[in-house]
Amino acid sequence: MMAAGCYLIFLNLFQLWQYNRGIIHYNDMNRRYYQAVYLNPHPSAAEMSLLDTDEQLENEGGLKMVYTYVSDSTELLQPAADSITIVFRKNLQSLLPKPPKQAAWLVISLEVRAPPAAGGDYCGTTLMQQGKTEKRRMIRLENAIGKAGEWSPVKYYFSLPLAMNKDEVCVFMSNKTPSLEIRNFRLQLLSGG
């Protein structure tokens with residue numbers, strides 16, 4: 001009984017520490033994210049993305065890399081009101097000529113730097129078929145592992161359907177913050193077969 005009480009006191013103090021650092025979010029918690037940060041003082045960028053998506057690739061090594069796009073340049077995004085900047089846009093058939101027999105995933109990673117008091121900035125991925133949005137994910141850029149004015153990592157996963165007819169994938173930045181910078185953008189297409 002005493003051990004359980006000590007554990008619960010420790011857990012309470014640890015989660016209070018996480019809350020004060022923004023790891024435990026005041027409003028947007030979900031089961032997958034809570035599991036990822038439970039007793040985790042240093043969550044990864046992919047774990048932080050679980051605030052906004054339930055998609056997580058457990059074993060990247062089990063899939064083979066089919067396509068990689070890398071942009072090492074640094075881009076300064078200065079928006080008009082609520083601007084969207086397209087970072088990557090391609091037809092999936094050009095990347096993966098034969099439909100996969102097993103799961104296919106996009107792994108998107110980048111670094112962002114925003115001035116203090118930034119908020120409302122997202123990296124989004126949309127899967128479109130004939131101009132119609134089939135699937136969309138928006139991942140917040142401001143999170144507990146980033147500090148204002150410093151380069152912060154962002155990473156998330158995006159599952160693709162097995163039947164990709166004429167689907168197009170688009171990765172974009174939706175920013176309200178002036179002087180938002182991105183660098184080291186990387187998109188990888190992984191497939192199981």
* To do: Can you confirm whether segment 18-36 contains a residue that is assigned to a helix (DSSP H, G or I), surrounded by 12 or more Cβ atoms within 10 Å (Cβ to Cβ), polar (S, T, N, Q) and outside the structural domain of Met138 (by TED's automatic domain parsing)?
  => yes
* Would a scan of segment 3-16 turn up a residue that is farther than 25 Å from Glu168 by Cα and surrounded by 13 or more Cβ atoms within 10 Å (Cβ to Cβ)? -> yes
* When residues of segment 151-193 are limited to those that are more than 18 Å from the chain's Cα centre (by Cα) and acidic (Asp, Glu), the one farthest from Gln102 (Cα to Cα) -> Glu168
* Looking only at segment 37-61, count how many residues are free of Cβ contacts under 8 Å to residues at least 60 places away in the same chain and part of a helix (DSSP H, G or I). => 4
* Take the residues of segment 68-85 that are in a strand (DSSP E or B) and modelled with pLDDT under 90: which is surrounded by the most Cβ atoms within 10 Å (Cβ to Cβ)? -> Leu77
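Scan Leu77, Leu50, Leu57 and give me the residue that is more than 20 Å from Ser152 (Cα to Cα) and out of contact with any His (no Cβ under 6 Å at 6 or more places or on another chain).
Answer to the check: Leu57.
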* Meets criteria (surrounded by 11 or more Cβ atoms within 10 Å (Cβ to Cβ), modelled with pLDDT under 90, within 17 Å of the chain's Cα centre (by Cα) and under 25 Å from Ser109 (Cα atoms)) for Asn59 -> no
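The values are calculated or read from the model by the stated rules, or taken from the named source; none is laboratory data. None of these values were measured; they are calculated from a predicted model. Virtual Cβ from ideal backbone geometry, glycine too; neighbours counted across all protein chains shown.
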